[in-house]
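The values are calculated or read from the model by the stated rules, or taken from the named source; none is laboratory data. None of the values given here were measured: they were computed from a predicted structure. In this analysis, Cβ positions are derived from the backbone assuming ideal geometry, glycine residues included, and neighbour counts consider all displayed protein chains.
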Amino acid sequence: MYVKEKAGAGSGFRAQVFYHSTTGNTKKVAIAIARAVGTEARGIDRDEDVISADLIFLGGAVYGSYDHDLHPDLKGFIARLDPAKVGRVALFKTGFETDAIPRMRRLLASRGIEVVAESFACKGRFFLFMLGHPDSADLGRAADFARALMAGAGGHA
C-alpha cells in the first residue's frame, strides 16, 4: 500500500495522492504534491486493493474528447471510493479554465465523501497553448498547497 503515515502529533495520519493525466501535466503536479507530503503519486489507472486514507489528493481535468467532461476513468475511480475508508479529499487540476474541480466535488459529495474547501489549479500545456506549464513556480505552489493542508489536517509535511 502506498500510504504515508505521519509521526508525531496526529500520529497515524495517512495521505495518498491519485491522479488522471492524459498529457502529463496533472501527473507533474501530482508528483510535486506527493513529494511535499512524503508519499507516492499513483495513477488512477492502476488497480488498488483498498484505498484508505485520512486525506486523499485527487487530480484530473476536463477533456474536449470526452464531451468536455471528466475522463471516464476518473469518474470510475470516484465511484469506487469507499466513503467509510476516505476521510477527506483535496482536489487539483491543470489546463484551461474549466469546471473540473466543481465536477469532481459534486461526484465525491454524491458519494458522501467530504471535499476540502481549498483546491489547486494551474495552467497545463496543451498543443501550442500555455507552453512551459506547469512550470517550477506552478509546482512550488502545488507543494505549498499540499503542505498547508497537511499541517492543518493533523499530518505534518
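Structure notes:
- All positions within the range 124-140 that are among the charged types (D, E, K, R) and modelled with pLDDT of 65 or more: Asp135, Asp138
- Looking at Ala121, Ala117, Ala143, Ala100, just one residue is among the aliphatic types (A, V, I, L, M) and modelled with pLDDT of 95 or more, and that residue is Ala143.
- Taking the range 80-97 as the range and being within 15 Å of the chain's Cα centre (by Cα), of a type outside the set (D, E, K, R) and at pLDDT 90 or above as the test, the residues that pass are Leu81, Val86, Gly87, Val89, Ala90, Leu91, Phe92.
- Boolean, Gly112 is part of a loop (DSSP other than H, G, I, E, B) and either surrounded by fewer than 20 Cβ atoms within 10 Å (Cβ to Cβ) or at pLDDT below 95 (or both): yes
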